[in-house]
Amino acid sequence: MMKTTLSAALLMLAIPDAGMAQTAPKTLQYLDGALFQPVLILPAPVARDMSANARELAALHQLIASASPQRLKQAYEDAIHEDPAIFNETLGVDLKKLPATWELLEIVDHESAIVASLAKEHFHRMRPYSADATLPFCEGKADPAKPAYRSYPSGHSTLGYSVGVALARLVPARAGKIMDRAQDYAMSREYCGAHYASDIQASEVIGTLAATLLLNDPRLADKVAAARVELSKI
């Protein structure tokens with residue numbers, strides 16, 4: 001079901017709907033928010049009282065219980081690092097020292113975060129650690145100031161997939177390792193007890209669509225070219 005949704009979302013790149021133009025939120029500089037109306041690109045998450053939700057919670061319990069201390073530590077480290085630098089080790093370079101690349105990746109991160117937030121607000125899904133107080137939470141005690149109903153999709157995972165897809169397009173020779181890191185970073189949200197597996201799948205849809213649109217936006221062509229030149233030297 002999710003793969004079909006992703007394919008449909010990407011098809012929108014080739015068949016734009018003229019009626020959706022000019023409605024992007026003011027906070028978006030490049031993406032058209034109308035293309036990211038949640039109901040157009042994502043299925044609704046299952047309700048909290050449905051058996052499918054209970055199965056997702058049970059899967060999280062099993063995943064966390066079977067994790068090594070090292071993997072749980074990584075999940076915590078991933079939780080507290082939420083910017084494009086999560087790919088530094090994968091690429092063997094400090095991305096902040098590549099100014100054109102960092103500028104482009106920050107745009108990708110910023111824009112995808114906004115559209116992910118639109119979906120969070122629309123679907124209003126309770127986070128797993130809020131739905132089940134017995135679920136281990138790698139970030140410690142849940143922050144009461146952090147909204148409990150913003151689980152779907154995952155913001156961290158949207159960052160991982162959007163920036164990951166952008167970097168994979170810019171450095172195709174390393175695309176496999178880049179996307180492996182994006183997936184592993186997203187999985188950390190499950191190991192943390194912060195998101196369901198379906199939250200992560202939704203993030204992949206949004207992140208992939210956002211990055212694809214942005215890298216094909218003619219207004220960003222110069223920035224994309226400059227980033228590609230920098231990355232060709234690593």
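Listing for the model above:
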| quantity | calculated |
| --- | --- |
| Residue among I114, I86 that is under 27 Å from Q29 (Cα atoms) and out of contact with any helix residue (DSSP H, G or I) (no Cβ under 7 Å at 6 or more places or on another chain) | I114 |
| Qualifying residue in region 99-106 (condition: open to solvent by less than 40 Å² (accessible area, probe 1.4 Å), of a type outside the set (G, A, S), in a helix (DSSP H, G or I) and farther than 30 Å from R219 by Cα) | no |
| Residue that is surrounded by the fewest Cβ atoms within 10 Å (Cβ to Cβ), among those in region 107-133 that are touching a residue at least 24 places away in the same chain (Cβ under 8 Å) and not in a helix (DSSP H, G or I) | H124 |
| Test: A166 is farther than 26 Å from H61 by Cβ, of a type in the set (A, V, I, L, M, F, W, C), in contact with a helix residue (DSSP H, G or I) (Cβ under 6 Å, 6 or more places away or on another chain) and not in a loop (DSSP other than H, G, I, E, B) | yes |
| Criterion: in a loop (DSSP other than H, G, I, E, B), of a type in the set (K, R) and open to solvent by 10 Å² or more (accessible area, probe 1.4 Å) - qualifying residue of R181, R150 | R150 |
| Among (1) assigned to a helix (DSSP H, G or I); (2) open to solvent by 10 Å² or more (accessible area, probe 1.4 Å) - the single one S157 does not satisfy | (2) |
| Selection within region 71-96 - in contact with a Phe, Trp or Tyr (Cβ under 6 Å, 6 or more places away or on another chain) and either open to solvent by 60 Å² or more (accessible area, probe 1.4 Å) or closer than 16 Å to S157 by Cβ (or both) | A75, D78, I86, K96 |
| Region 213-234 - residue that is part of a helix (DSSP H, G or I) and acidic (D, E) and, of those, least open to solvent (accessible area, probe 1.4 Å) | E230 |
| Among residues of region 29-67, those that are part of a loop (DSSP other than H, G, I, E, B), surrounded by 15 or more Cβ atoms within 10 Å (Cβ to Cβ), at pLDDT 95 or above and aliphatic (A, V, I, L, M), counted | 3 |
| Filter result (farther than 12 Å from F87 by Cβ and of a type outside the set (G, A, S)) within region 156-196 | H156, T158, R169, P172, Q183, M187, R189, E190, Y191, C192, H195, Y196 |
| Count - residues of region 76-88 that are in contact (Cβ under 8 Å) with a residue 24 or more places away in the chain, under 19 Å from M179 (Cβ atoms) and either aromatic (F, W, Y) or assigned to a helix (DSSP H, G or I) (or both) | 4 |
| Selection within region 89-98 - in contact (Cβ under 8 Å) with a residue 12 or more places away in the chain and assigned to a loop (DSSP other than H, G, I, E, B) | G92, V93, L98 |
| In region 202-212, the residues that are of a type outside the set (G, A, S) and crowded, with 24+ Cβ neighbours inside 10 Å | E204, V205, I206, L209 |
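The values are calculated or read from the model by the stated rules, or taken from the named source; none is laboratory data. Keep in mind the model is a prediction, meaning the values are calculated, not measured. Please note: Cβ atoms are built from the backbone with ideal geometry, for glycine as well, and neighbour counts cover all protein chains shown. Only protein heavy atoms, including side chains, enter the accessible area calculation; ligands, DNA and RNA are left aside. Shrake-Rupley method; radii C 1.70, N 1.55, O 1.52, S 1.80 Å.
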